[in-house]
Structure formats: structure tokens, C-alpha cells
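> Have a look at this one.
The values are calculated or read from the model by the stated rules, or taken from the named source; none is laboratory data. These numbers were taken from a predicted model, which means no experiment stands behind them. Because the Cβ atoms are built from the backbone with ideal geometry, glycine has one as well, and the counts that use them run over all protein chains shown.
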Amino acid sequence: MLPGYNTHKNRRRLAIYTDKLRPSASFITGITVASVLFTFLSIFPRAPPSIPYAFEEFQPEKPDCLSCGLDPTVALIDSQSYIQPYEDPGMNKHLTESQCLNQYPGLFYEAERALAYWSERGGITLKHLDKASEKAHGRVVIHNNRMFVKEFSHNDVNTRALATFAAIHEALLTSTEAFPNVEFTFQVQDAGDSEDEPIPTLVLDRTADQPELWLMPDFGFWSWPEPKVGSFGEVRDKAGKWESKHSWSEKLPKLFWRGASLDREIRKQLINAANGYAWSDVKMMDWGNIQPGDLLTMEEHCGYQFLVHVEGVAYSGRLKYLLQCHSVSVMHELKFIQHFHHLLDGNSTSADQNVVVVPLPERRPGSETDPNPWERLPEVMEQLKKNPDRVKRIADNSWEGLRSRYLTPSATVCYWRRLLSLWSQAQAFTVKVDDSYIPYESFMLMRTVDWQAH
């Protein structure tokens with residue numbers, strides 16, 4: 001409804017106005033009155049006070065001055081009134097930097113750690129970026145709040161790089177504050193790749209011996225269309241709807257996992273450790289020979305009290321989805337670190353425990369092989385089954401702290417903006433733009449930085 005326009009009042013005015021125009025018994029007289037009135041209204045853009053004018057209240061006023069300066073005492077945007085309340089606060093992507101820091105104080109550890117690493121080494125130079133570009137899938141410049149694609153590798157893994165570009169652009173567009181000028185590269189293969197000489201680049205994950213790498217939210221926080229998982233917001237909505245219709249007691253008290261072996265020993269060890277137990281619904285899946293019960297949607301995973309997370313080629317992108325369920329995620333000690341992993345609390349004595357981590361067995365004397373990370377799974381599951389109150393508390397902590405707070409679209413865009421803000425502080429060069437850089441809007445359509453006009 002337009003400001004100042006009262007629908008009921010104006011309908012009443014229209015009725016009065018119509019009554020005044022109602023023709024008399026004489027058809028000729030009625031036509032004459034209508035003609036005169038039509039001519040009168042055509043001449044006068046606004047009716048005189050004696051004639052009701054139904055739409056008078058919302059006629060736009062012309063500005064007095066189009067070139068006058070702004071009143072410096074008036075804020076351009078009042079964030080409290082500009083941002084409407086969200087039914088789900090986790091979908092609010094318009095928080096300011098201070099609001100992000102207040103709402104998600106523990107989220108930015110990885111970005112702060114990387115800044116400290118590079119600050120101690122004199123910062124990031126253009127020479128560093130040129131070296132990083134050799135293995136990067138994308139090179140991005142943000143200048144004067146505009147995003148440009150400087151380089152794009154067509155060796156993209158499915159749509160991962162495109163999803164990453166889109167996530168960065170969303171963080172820029174949804175910001176109510178100016179963005180710092182930044183230039184950076186990113187990789188989207190399963191494992192972050194660095195060389196003997198440390199290079200700064202954004203990656204999906206890192207290991208403990210790769211402190212030079214900056215962690216970004218993985219592509220799935222935007223969308224993962226190939227296996228039809230969909231956008232992260234879609235997964236979140238569907239999981240939330242499932243949980244709203246089912247109680248904790250309706251969940252199957254079993255441990256669930258389906259996945260391909262990927263020829264990884266750690267996945268074979270999981271199958272062996274869980275085999276034969278009543279609490280286990282853990283099976284290997286063959287994409288070429290799908291069996292009934294093999295393919296579950298992400299929201300259908302929420303039907304189990306216990307969900308397995310296991311690494312694959314490197315990190316596994318499944319964990320963020322599992323944590324959208326009001327369930328208990330059970331995992332081995334993780335080797336590959338993502339941007340939110342420091343928020344996982346697997347300490348069995350902690351009141352804030354939000355996941356279950358199977359502890360490693362002691363290395364056997366004389367053994368040269370790594371211990372089996374799933375060897376103690378049966379022991380852990382038996383302990384959990386005997387303590388249902390603890391299980392429910394872990395699920396509650398996961399739902400409230402991770403699903404409803406730190407693993408939300410709101411938190412993700414906050415992390416992106418904080419990540420790039422801290423990266424800008426590590427830059428030891430001035431960001432510049434030339435005509436060879438492709439505006440993101442054009443890149444988004446052409447999916448390349450070099451094409452022939454046609």
C-alpha cells in the first residue's frame with residue numbers, strides 16, 4: 001500500500017464521487033453533465049476542493065532540488081529500520097561487521113589465524129599471488145565495491161569455482177557497508193595445494209602442517225547441484241521442516257551411513273567396525289548398482305539419531321549437511337580442517353559437547369602402521385546407547401549452537417566478509433583494476449574471461 005493511501009477511505013470517496021456523477025432521469029442531461037465534467041478534469045490536473053478527488057493523497061511530489069547536498073546529520077541507511085525482522089534469523093545476510101562479530105564471536109578463528117601467519121612474514125605481495133595463480137581456479141579483484149574476475153581456470157571441478165564466485169559476490173551485494181579493496185586467488189580441489197614455498201590462497205580445507213592457507217566456506221555452502229543436494233538454504237529448509245514434524249523419540253536409534261568407498265582405507269575400516277551390530281545401518285554404496293535404501297535425501301538422514309561423518313579423498317563435504325539435523329554426528333579424528341571445525345566439541349566431559357569423536361586406540365608396541373581410527377566405534381556406541389540423556393544433550397547442543405547459529409547462511413556471509421577484510425589487512429600492495437578485468441556480471445553469463453564478440 002502506498003504511504004498515505006487509505007483503501008477504505010478512498011473507496012468511500014469514490015462511492016460519493018460516483019453518486020455525484022449518477023445521471024438524472026433525462027439521458028440527454030446526464031450525457032451533458034458527464035461531458036462537461038470530463039472536460040473540466042482534463043483541464044485541471046487537480047480537482048478543486050468542492051469536487052472529491054479519490055487519489056489526491058498519494059500524488060507524488062516533485063523534488064525541490066535534484067542536485068542539493070545530503071543532510072550530513074541524516075544517516076544514509078538506518079540498519080535497524082532498513083533490515084526487516086527475519087522469521088529465521090539465520091537467513092539474515094545483511095548484518096554489519098559489528099553485528100557479525102557480536103552474533104558469531106567464535107566463527108572467525110581460521111581467518112584471524114591466517115592473518116597472524118602472513119603478518120609475521122611481511123604480508124602478501126603480488127609476487128605471492130602470481131605464484132598462487134599457477135594452481136588457482138580463480139583470481140578475484142574487488143575494487144570500489146565492484147567484483148572483477150581476473151583469471152579463471154577451466155579445469156574447474158564440476159561447478160565448484162562458479163559456486164565460489166557466486167558466494168563471494170553474494171557476500172559483497174548483501175553487505176550494508178563498504179568492502180575493502182582486495183585481490184586474491186582460490187582453489188576448489190578436494191585438498192588445498194601448497195608447495196615448499198608457502199603461498200597464500202583460499203582453499204576448502206587444510207591440514208595442520210599448512211598454516212599458510214586461508215580457509216573459505218566450501219562450495220556447498222552456496223549449492224551442490226551435481227548430486228542434486230541443492231542449495232544450502234534448500235537443505236536447511238527441508239531439514240527444518242522434517243524436524244518440525246517429528247519428535248526425537250521418532251528417530252531410529254541407529255547409526256546411519258551410505259557412501260562410496262573411493263578406494264579409501266578409512267571407509268573400509270568404518271564398514272568393518274560397524275558390521276554386525278544392532279545399532280548399525282552402515283553400508284557401502286555402489287553408484288553403478290544402487291540398492292533399495294541406499295539413496296536418502298539429506299532431510300531423510302534426520303530420521304536417525306546417529307549420523308556418520310567420514311573423510312574421503314580429503315575432507316568430506318557432507319558434515320555441514322548432517323549438522324542441519326537434530327541428530328548426533330559421529331566421526332573419527334579429522335585430518336582435514338574446514339573453516340568451522342574449531343567449533344566442533346567432541347570432548348565427552350564437556351557440557352557443550354556437540355559431536356562425538358571416536359578416540360584413537362593406543363599404538364601397539366612395534367607397530368609401524370597407523371592405528372585404525374574406527375577401532376573403538378563399537379565401544380563408543382555402546383556407551384552412548386547406555387546414556388540416552390547424554391545423547392539428547394549432544395543433539396540439542398548441535399542443533400542450537402551449530403545448525404541454528406554458526407552453520408547458517410547468515411554466519412556464512414559474515415565469515416566471507418570477515419575473511420576478505422582480514423585478507424586486505426595482510427596485503428602489502430595497492431589493488432588496481434584495468435580494462436582487462438572482467439566484471440562479474442559478464443563473467444557470470446559467459447563463464448570465461450576471454451570470448452569473441454558475436
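> Please go through segment 395-432 and give me each residue that is among the aromatic types (Phe, Trp, Tyr) and within 20 Å of residue 186 (Cα to Cα), ordered by number. Spell out how you get there, then give the answer.
Of all residues in segment 395-432, those among the aromatic types (Phe, Trp, Tyr) come to 399, 406, 415-416, 423, 429.
Within segment 395-432, 415, 416, 423, 429 meet the criteria.
> Here is a follow-up. In segment 429-437, is there at least one residue being in contact (Cβ under 8 Å) with a residue 24 or more places away in the chain and either crowded, with 18+ Cβ neighbours inside 10 Å or assigned by TED's automatic domain parsing to the domain that holds residue 240 (or both)?
yes
> Give segment 208-226 a look and list any residue that's touching a residue at least 40 places away in the same chain (Cβ under 8 Å) and among the polar types (S, T, N, Q), or say none. Spell out how you get there, then give the answer.
Within segment 208-226, the first condition is being touching a residue at least 40 places away in the same chain (Cβ under 8 Å), and the residues that meet it are 208, 211-226.
Passing the criteria: only 223.
This table checks each residue for (1) of a type outside the set (Gly, Ala, Ser); (2) crowded, with 22+ Cβ neighbours inside 10 Å; (3) closer than 26 Å to residue 430 by Cβ.
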| site | (1), (2), (3) |
| --- | --- |
| 159 | yes, no, no |
| 173 | yes, no, yes |
| 181 | yes, no, yes |
| 204 | yes, yes, no |
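> Go through segment 132-156 and give me each residue that's in a loop (DSSP other than H, G, I, E, B), out of contact with any Phe, Trp or Tyr (no Cβ under 6 Å at 6 or more places or on another chain) and surrounded by fewer than 22 Cβ atoms within 10 Å (Cβ to Cβ).
134, 135, 144, 153, 154, 155, 156
> Can you pull out every residue in segment 230-271 that is in a helix (DSSP H, G or I), more than 27 Å from residue 392 (Cβ to Cβ) and polar (S, T, N, Q)?
Within segment 230-271, 269 is the sole residue that qualifies.
> For segment 182-207: of the residues being in a strand (DSSP E or B) and among the β-branched types (Val, Ile, Thr), which is farthest from residue 129 (Cα to Cα)? Show your work before the answer.
Kept after step one, since they are in a strand (DSSP E or B), are these residues of segment 182-207: 182-186, 202-203, 206.
After this cut, where a residue has to be among the β-branched types (Val, Ile, Thr) as well, the list is 182, 185, 203.
On the way: 182: 12, 185: 7, 203: 14 Å.
Step by step, filter segment 182-207, then rank; the result is 203.
> Only one of 404, 421, 367 is modelled with pLDDT under 95, surrounded by fewer than 21 Cβ atoms within 10 Å (Cβ to Cβ) and of a type outside the set (A, V, I, L, M, F, W, C); which?
Details: 404 fails: modelled with pLDDT under 95; 421 fails: modelled with pLDDT under 95.
Answer to the selection: 367.
> Does residue 150 qualify as being touching a Ser or Thr at 6+ places or on another chain (Cβ under 9 Å) and over 30 Å from residue 240 (Cα atoms)?
On the way: touching a Ser or Thr at 6+ places or on another chain (Cβ under 9 Å): yes; over 30 Å from residue 240 (Cα atoms): yes.
In short, yes.
> Could I ask something else about it? Condition first: at negative phi, touching a strand residue (DSSP E or B) at 6+ places or on another chain (Cβ under 8 Å) and in a helix (DSSP H, G or I). Can you find one or more residues in segment 216-229 that meet it?
No, because not a single residue in segment 216-229 is at negative phi, touching a strand residue (DSSP E or B) at 6+ places or on another chain (Cβ under 8 Å) and in a helix (DSSP H, G or I).
> Determine if segment 261-282 includes at least one residue that is surrounded by 21 or more Cβ atoms within 10 Å (Cβ to Cβ) and free of Cβ contacts under 8 Å to residues at least 12 places away in the same chain.
no
> For segment 277-306, how many residues meet the condition of being among the charged types (D, E, K, R) and within 28 Å of the chain's Cα centre (by Cα)? Lay out the reasoning, then the answer.
Just the residues of segment 277-306 that are among the charged types (D, E, K, R), to begin with: 281, 283, 286, 294, 299-300.
If we keep only those that are within 28 Å of the chain's Cα centre (by Cα) as well, we get 294, 299-300.
Summing the residues that are among the charged types (D, E, K, R) and within 28 Å of the chain's Cα centre (by Cα) in segment 277-306 gives 3.
> So which of 255, 213 ends up being crowded, with 17+ Cβ neighbours inside 10 Å, of a type outside the set (Phe, Trp, Tyr) and under 24 Å from the mean Cα position of the chain (by Cα)?
On the way: 255 fails: under 24 Å from the mean Cα position of the chain (by Cα).
Step by step, each of 255, 213 is checked, and only 213 is crowded, with 17+ Cβ neighbours inside 10 Å, of a type outside the set (Phe, Trp, Tyr) and under 24 Å from the mean Cα position of the chain (by Cα).
> So, in segment 408-454, of the ones that are part of a helix (DSSP H, G or I) and of a type in the set (D, E, K, R), which residue ends up farthest from residue 173 (Cα to Cα)?
At the first step, the residues of segment 408-454 found to be part of a helix (DSSP H, G or I) are 409-426, 440-446.
With of a type in the set (D, E, K, R) added as a condition, the list becomes 417-418, 441.
On the way: 417: 11, 418: 14, 441: 12 Å.
It comes out as 418.
> Failed condition for residue 360, given (1) closer than 30 Å to residue 142 by Cβ; (2) in the same structural domain as residue 249 (by TED's automatic domain parsing), with all others met?
In the conditions (1) closer than 30 Å to residue 142 by Cβ; (2) in the same structural domain as residue 249 (by TED's automatic domain parsing), residue 360 misses (1) alone.
> Could I ask something else about it? Quick check, is residue 316 without any contact (Cβ under 8 Å) to a residue 40 or more places away in the chain and touching a strand residue (DSSP E or B) at 6+ places or on another chain (Cβ under 7 Å)? Steps first, answer last, please.
Values: without any contact (Cβ under 8 Å) to a residue 40 or more places away in the chain: yes; touching a strand residue (DSSP E or B) at 6+ places or on another chain (Cβ under 7 Å): yes.
For residue 316, the condition - without any contact (Cβ under 8 Å) to a residue 40 or more places away in the chain and touching a strand residue (DSSP E or B) at 6+ places or on another chain (Cβ under 7 Å) - is met.
> Evaluate the following for residue 163: is it under 22 Å from the mean Cα position of the chain (by Cα), closer than 15 Å to residue 202 by Cα, of a type in the set (A, V, I, L, M, F, W, C) and surrounded by 15 or more Cβ atoms within 10 Å (Cβ to Cβ)?
Details: under 22 Å from the mean Cα position of the chain (by Cα): yes; closer than 15 Å to residue 202 by Cα: yes; of a type in the set (A, V, I, L, M, F, W, C): yes; surrounded by 15 or more Cβ atoms within 10 Å (Cβ to Cβ): yes.
Answer is yes for this residue.
> Identify, from the list 352, 294, the residue that is surrounded by fewer than 17 Cβ atoms within 10 Å (Cβ to Cβ), acidic (Asp, Glu) and modelled with pLDDT of 95 or more.
On inspection, the qualifying residue turns out to be 352.
> In segment 290-309, how many residues are in a loop (DSSP other than H, G, I, E, B) and touching a residue at least 60 places away in the same chain (Cβ under 8 Å)?
So the answer is 1.
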